[in-house]
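Student: To start, I am sharing the structure in question, which I have written as structure tokens.
The values are calculated or read from the model by the stated rules, or taken from the named source; none is laboratory data. Since we're looking at a predicted model, the values are computed, not measured. Cβ atoms come from the backbone with ideal geometry, glycine included; neighbour counts cover every protein chain shown. Ligands, DNA and RNA are stripped out before the accessible areas are found, and what is left, the full protein with its side chains, is counted by its heavy atoms. Shrake-Rupley method; radii C 1.70, N 1.55, O 1.52, S 1.80 Å.
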Amino acid sequence: MAQTLAAADELQRDLQCEQTYDGLRVAEAKCGKCGRRPAVPAGKTDDVRTARAEVSRTS
């Protein structure tokens with residue numbers, strides 16, 4: 001009985017993951033921008049990486 005319930009739970013979890021990924025693919029195809037915005041704008045990433053590397057070298 002417990003093994004049957006575990007198998008049903010695993011199937012439900014797999015279906016939920018599949019539906020989530022399907023929804024994300026549809027949303028990305030629709031708008032092209034999904035998920036959180038980056039904490040640092042794309043134009044400033046090189047500046048931040050350079051500054052972080054300088055701090056790492058000095059410490």
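Conditions (1) surrounded by 10 or more Cβ atoms within 10 Å (Cβ to Cβ); (2) among the polar types (S, T, N, Q); (3) assigned to a loop (DSSP other than H, G, I, E, B); (4) in contact with a strand residue (DSSP E or B) (Cβ under 6 Å, 6 or more places away or on another chain), marked per residue:
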{"position": "5", "(1), (2), (3), (4)": "no, no, no, no"}
{"position": "10", "(1), (2), (3), (4)": "yes, no, no, no"}
{"position": "30", "(1), (2), (3), (4)": "no, no, no, no"}
{"position": "37", "(1), (2), (3), (4)": "no, no, yes, no"}
{"position": "45", "(1), (2), (3), (4)": "yes, yes, no, no"}
{"position": "48", "(1), (2), (3), (4)": "yes, no, no, no"}
{"position": "57", "(1), (2), (3), (4)": "no, no, no, no"}
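Student: A further question on this structure: Consider residue 53 carefully, then state whether it is of a type in the set (A, V, I, L, M), in a helix (DSSP H, G or I) and either open to solvent by 100 Å² or more (accessible area, probe 1.4 Å) or at pLDDT 85 or above (or both).
Tutor: Considered against the rule, which asks whether it is of a type in the set (A, V, I, L, M), in a helix (DSSP H, G or I) and either open to solvent by 100 Å² or more (accessible area, probe 1.4 Å) or at pLDDT 85 or above (or both), residue 53 comes out as yes.
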